[in-house]
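Q: What follows is a single structure, and I will ask about it in a moment.
The values are calculated or read from the model by the stated rules, or taken from the named source; none is laboratory data. From a predicted model like this one, the values you see are computed outputs, not experimental measurements. Don't worry about glycine lacking a Cβ; one is built from the backbone with ideal geometry, like all the others, and counts go over all protein chains shown. For the accessible areas, the whole protein counts, side chains as well, though only heavy atoms, and no ligand, DNA or RNA atoms are used. Shrake-Rupley method; radii C 1.70, N 1.55, O 1.52, S 1.80 Å.
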Protein chains: 2
Amino acid sequence: MNDERIRLAHGGGGEMTSRLIREVIFEHLGASAAGDLEDSALLGGPELLEGPGRLAFTTDSYVVRPLFFPGADLGRLAVCGTVNDLAMRGARPLGLSLSLILEEGLKLGVLERVLESAREAAEEAPVQVVTGDTKVVEHGAADGMYITTSGVGAVGGGVDVSLSRARPGDEIVVSGPVGNHAIAVLACREGLSFETEVESDAAPLWGRVEALLSRVGGDLHALNDPTRGGLAASLHAIAAASAVRIEVRERSIPVEPPVAFAAELLGLDVLTLANEGRFVAALAPGTAEGALSVLEGRGARPAIIGRVEEGAGVSLVTAGGGRRVLELPYGEEAPRIC
Amino acid sequence: MNDERIRLAHGGGGEMTSRLIREVIFEHLGASAAGDLEDSALLGGPELLEGPGRLAFTTDSYVVRPLFFPGADLGRLAVCGTVNDLAMRGARPLGLSLSLILEEGLKLGVLERVLESAREAAEEAPVQVVTGDTKVVEHGAADGMYITTSGVGAVGGGVDVSLSRARPGDEIVVSGPVGNHAIAVLACREGLSFETEVESDAAPLWGRVEALLSRVGGDLHALNDPTRGGLAASLHAIAAASAVRIEVRERSIPVEPPVAFAAELLGLDVLTLANEGRFVAALAPGTAEGALSVLEGRGARPAIIGRVEEGAGVSLVTAGGGRRVLELPYGEEAPRIC
């Protein structure tokens, strides 16, 4: 019997999470697991899909604490996060499932507010909740409520977006400023208030990904949404799966001043902070400017932040002009952020 | 703000669960919910599925306590329950997702045992786990571990199995003795031991449903697996969705003697106890005997237990020859049974 114990860092989306998945989960699920570390799995086969399309399938549990925070709540997060995991494979959402674990004593009014936020986010996506489940555990056996959302999506013919398709020469684009979601949750949890309230960026991304695909098509190589572990974890995921090195410029990465200020105050690196409405893309050489023109508007501030090179790992050209390794975070920086 | 509070009975799979789903969940998800009360939703559309097939999609959270009990554990349950929800729509499982909520301090050895059971059940089904997620919450914010499993399945051309397809004259078949799963869990939880240990019936049902479909095809009208709320809840689900009355004979319902004994000792009605490897079927007149011949073997004791009639509700012809209404259980009889 393995007496080692689960630690909060195992759920942080960094090095510890990826070791747990590789060394414990894949190991013990054995041949019954057909997984990689992509946000969604692709299903298909001629008997199912006679057209050129394939099916994307994904799941995520949401355990954010507190349930409500500036700009979003558990319900909005549970819809956006899963829609976004589909979008990161270039998949249009076809339907979501919503499975609730409720703690005895939870006010129905709280559940109702969470469900209404889920509804709003689903309408934005747009997607429908087509199936669900509800379980109740005794008071003290959960923390208010947890939601697990799964999603099924359709990947159109010709779309081939994968963590493993970044190539040397590709340009790296981020769809907007980073760090807002984590700061909104952490500030609310710690009771901090700043002159400018930071709101979560939680938003469904399929519309923007669809627009990007229409513009650049197969030149969109890799997509990842920087949730747990932040931009650093996303860049590492692409670099590892594609067997390339990624170099980004600190000065080019958009960060709103109140987010930078709060991160510094909390002693956190903004590049490791979770987002719920942003993506990072690797685009074929010469297509990034066109991508920006699609992603701009409605207050978005997309940016070209770096390039894919031969090699391995992720490096950062600092604001001062130096170059350093950008580490994969360990995982205990910001627990229960989503 | 609705100040009413969640109670354990809201998760029991009976009257309270169905009210929560109708009055709170569907109400507040509004138009974004395309749900009915089937075990799986059907997805499809010409652009996705050019063949005659459709896609089934389902989700369930598993919060059984304790994690291990005679005959099964959380991992086996999480795979079987979701495979079975697909099978209840006549769907062959294509892939599962597994989302873990782990409590800080959980031994990795416990997680490993649960995952190994999940693997065994997946191999039996057969199905692969194609995607997943892992979250960690603080010690005290969960109860060891919870698993949410979703599944995607393919419904072949010509298969049309639904809660709403039972018709007057149909015969009602149960695939084996009822009540074993709930008694195995409750006896283990309460520290009761009986002369004959009762084991959970948790098993993946797709193989048996597939065999049944090969034999009777479109004469298989409705299927339901009697999990929370037991046989009584399954019969009510079919009767309500099909707008028919179902009459079953108490003497015909297979119950193993140690299960009947334990249920009586615990003051529980065996017809409301959860199963995880049984199904109830409504079959066109004249096809039930053929169905039994397919379902027999390997120790199974399927039985014809009743008939579909015009009307509404569920009635029971008692062992003594009387007739009474079989009520939908309220929901607090056996909490956290799956």
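Q: How many nm separate the modelled label positions at residue A:4 and residue B:211, each set 7 Å beyond the Cα in the direction of the Cβ?
A: It is 4.2 nm.
Q: So how far apart, in nm, are the two label points at residue B:294 and residue A:269 if each is 7 Å from Cα heading toward Cβ?
A: About 5.9 nm separates the two model spin labels.
Q: With every protein chain present, what is the per residue accessible area of region A:163-325 (1.4 Å probe, Å²)?
A: 39
Q: With a cap of 16 neighbouring Cβ atoms within 10 Å, and only residues DSSP puts in a loop, list the trypsin sites (Lys or Arg not before Pro) found in region A:253-316.
A: For trypsin sites (Lys or Arg not before Pro) across region A:253-316 that sit outside H, G, I, E and B with at most 16 neighbouring Cβ atoms in 10 Å, the list reads A:298.
Q: Out of the DSSP beta bridges found with both residues in region A:65-152, what percent are antiparallel (nearest 5)?
A: For region A:65-152, the DSSP antiparallel bridge percentage is about 55.
Q: Work out how much length residue B:323 to residue B:22 would gain on full extension: take 0.36 nm times their residue separation and subtract the Cα-Cα distance, in nm to one decimal.
A: 105.3 nm is the gain from fully extending residue B:323 to residue B:22.
Q: Take A:39, B:269 and sort them by solvent-accessible surface of the protein heavy atoms, 1.4 Å probe, largest at the top.
A: I get B:269, A:39, largest accessible area first.
Q: With the Cα gyration tensor of the protein assembly as shown giving a ≥ b ≥ c as the square roots of its eigenvalues, does the rule (a/c under 1.5 for rounded; else a/b larger than b/c for prolate; else oblate) give rounded, prolate or oblate?
A: prolate
Q: Checking the a/c ratio against 1.5 first, then a/b against b/c, what shape does the Cα gyration tensor give for chain A?
A: Judged from the Cα gyration tensor, chain A comes out rounded (a/c under 1.5).
Q: Here's something else I'd like to know. Considering only the protein assembly as shown, what is the antiparallel percent among its DSSP beta bridges, to the nearest 5?
A: Counting only bridges with both partners in the protein assembly as shown, antiparallel ones make up about 75 percent.
Q: What's the FRET efficiency of residue B:260 with residue B:310 using the Cβ-Cβ distance as r and R₀ = 30 Å, to the nearest 0.05?
A: Calculated transfer efficiency: 0.40.
Q: Tally the DSSP beta bridges in chain B and give the antiparallel ones as a percent, rounded to 5.
A: Antiparallel bridges: around 80 percent, rounded to the nearest 5.
Q: So, one more: Determine the shape class of region B:216-331: with a ≥ b ≥ c the square roots of the Cα gyration tensor eigenvalues, call it rounded for a/c under 1.5, and otherwise prolate if a/b is greater than b/c, oblate otherwise.
A: Note, shape of region B:216-331 comes out oblate.
Q: Could you order A:143, A:85 by accessible surface area, starting with the largest, using a probe radius of 1.4 Å?
A: Descending order: A:143, A:85.
Q: Students often forget the sequence filter, so: which lysines lie under 27 Å Cα-Cα from residue A:107 once same-chain residues fewer than 8 apart are removed?
A: A:135, B:135
Q: I would also like to ask the following. Taking region B:171-219, which GluC sites (Glu not before Pro) meet the DSSP loop condition and have no more than 10 other C-beta atoms within 10 Å?
A: B:195
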